[in-house]
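Here is the structure we will look at, set down as structure tokens.
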């Protein structure tokens, strides 16, 4: 076994160790049992973070840092002022997520869905800090996260079904030339579609509308976020894209019958959508394949970042190593929602592979 510490970061509307819900139904494992416990029994140091279910990548990255470092959440003076919420949050100094945090720490961040964006922004801040926060804050009051200089503490980032370039699940509703309701879907999907719509909806809590995950996951905004996140040369980047759709003659996609019912209608809608985002990004049929919530093409690598198909014999640092697309819907990697999946072997293989890189 290596000395790597694995921190798992949940996606939109997810939960982790600090949430009461996790003991009843763990996000990592669902009805199949706690994946963290399973991996720890094999000797791996694995921990499930709890970040804001609907918060922006920035807020979630700050919360992740506080949990790992064992300190109080500091969202930053500049950020809090711009986005209209309190600067400080929960104090984790008495209950840190991991046993130790120092220059000897070597983190593997495993992010599912929006947890991938969270992990990437966290790594950027850890490496380079934030100039706006340094300018707005007295050095004696500045969080170490915004100072940076801790890049070497990140070993690997594994992004699982992550909207690395956003998802058209949001954009398709804002394109005046596309009618989501006109997409033909099986009648039985309409009930679960209402649940899915509620799942994607963000209830405002007084903050700036730009400070939510729903904002960051629009394609335009995800690409903006990518512009501030660097690919660190020593870090191993792995992505696991998923698909639950199949192409039809016109190049669009339809959901396969085994798709999680909660995601089926959205899979049809994403699969049918081509058009242009508000910012002018052309969405062609290459974006139609999806896992029920995120476009498969978006799950492979950030646009413009170095990437290559996965090669077990040559996993490169400073490069997105794109694993073969997994035949799975968006929540398969968590153990499924309405359909149960045993994911223990998948994660055991993934962790063993990463551990061998240390």
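The values are calculated or read from the model by the stated rules, or taken from the named source; none is laboratory data. What you are looking at is a predicted structure, and each value in this text was computed from that prediction instead of being measured. Here Cβ is always computed from backbone atoms with ideal geometry, including for glycine, and neighbour counts include all displayed protein chains.
Restricting the search to region 287-297, which residues are in contact (Cβ under 8 Å) with a residue 60 or more places away in the chain and surrounded by fewer than 24 Cβ atoms within 10 Å (Cβ to Cβ)?
Passing the criteria: only 297.
Test residue 256 against the stated conditions and say whether it is over 25 Å from residue 222 (Cα atoms), in contact (Cβ under 8 Å) with a residue 12 or more places away in the chain and either over 21 Å from the mean Cα position of the chain (by Cα) or surrounded by fewer than 18 Cβ atoms within 10 Å (Cβ to Cβ) (or both).
Against the criterion (over 25 Å from residue 222 (Cα atoms), in contact (Cβ under 8 Å) with a residue 12 or more places away in the chain and either over 21 Å from the mean Cα position of the chain (by Cα) or surrounded by fewer than 18 Cβ atoms within 10 Å (Cβ to Cβ) (or both)), residue 256 qualifies.
Condition first: at pLDDT 95 or above, in contact with a helix residue (DSSP H, G or I) (Cβ under 8 Å, 6 or more places away or on another chain) and surrounded by fewer than 15 Cβ atoms within 10 Å (Cβ to Cβ). Can you find one or more residues in region 52-71 that meet it?
no
Does residue 48 count as farther than 19 Å from residue 229 by Cβ, touching a strand residue (DSSP E or B) at 6+ places or on another chain (Cβ under 9 Å), crowded, with 24+ Cβ neighbours inside 10 Å and in contact (Cβ under 8 Å) with a residue 40 or more places away in the chain?
It is true that residue 48 is farther than 19 Å from residue 229 by Cβ, touching a strand residue (DSSP E or B) at 6+ places or on another chain (Cβ under 9 Å), crowded, with 24+ Cβ neighbours inside 10 Å and in contact (Cβ under 8 Å) with a residue 40 or more places away in the chain.
Being in a helix (DSSP H, G or I), within 20 Å of the chain's Cα centre (by Cα) and more than 29 Å from residue 291 (Cα to Cα) is true for just one of 66, 61. Which residue is that?
Unique residue meeting the criteria: 66.
What residue, of 6, 22, 18, is surrounded by fewer than 24 Cβ atoms within 10 Å (Cβ to Cβ) and either modelled with pLDDT under 95 or not in a loop (DSSP other than H, G, I, E, B) (or both)?
Selected residue: 22, the only one of 6, 22, 18 that is surrounded by fewer than 24 Cβ atoms within 10 Å (Cβ to Cβ) and either modelled with pLDDT under 95 or not in a loop (DSSP other than H, G, I, E, B) (or both).
Among the residues of region 164-187, how many are in contact with a strand residue (DSSP E or B) (Cβ under 7 Å, 6 or more places away or on another chain) and surrounded by fewer than 24 Cβ atoms within 10 Å (Cβ to Cβ)?
Total meeting the criteria: 3.
Taking the condition of being closer than 25 Å to residue 235 by Cβ and surrounded by fewer than 21 Cβ atoms within 10 Å (Cβ to Cβ), how many residues in region 322-342 meet it?
The qualifying residues number 5.
Taking residue 75 and the conditions (1) surrounded by fewer than 22 Cβ atoms within 10 Å (Cβ to Cβ); (2) touching a helix residue (DSSP H, G or I) at 6+ places or on another chain (Cβ under 7 Å); (3) farther than 18 Å from residue 160 by Cα, which numbered condition does it fall short on, given that it satisfies the others?
With (1) surrounded by fewer than 22 Cβ atoms within 10 Å (Cβ to Cβ); (2) touching a helix residue (DSSP H, G or I) at 6+ places or on another chain (Cβ under 7 Å); (3) farther than 18 Å from residue 160 by Cα applied to residue 75, the lone miss is (1).
Scan region 303-358 residue by residue and report those that are farther than 19 Å from residue 163 by Cβ, assigned to a loop (DSSP other than H, G, I, E, B) and touching a helix residue (DSSP H, G or I) at 6+ places or on another chain (Cβ under 9 Å).
312, 315, 335, 336, 338, 339, 340, 341, 342, 343
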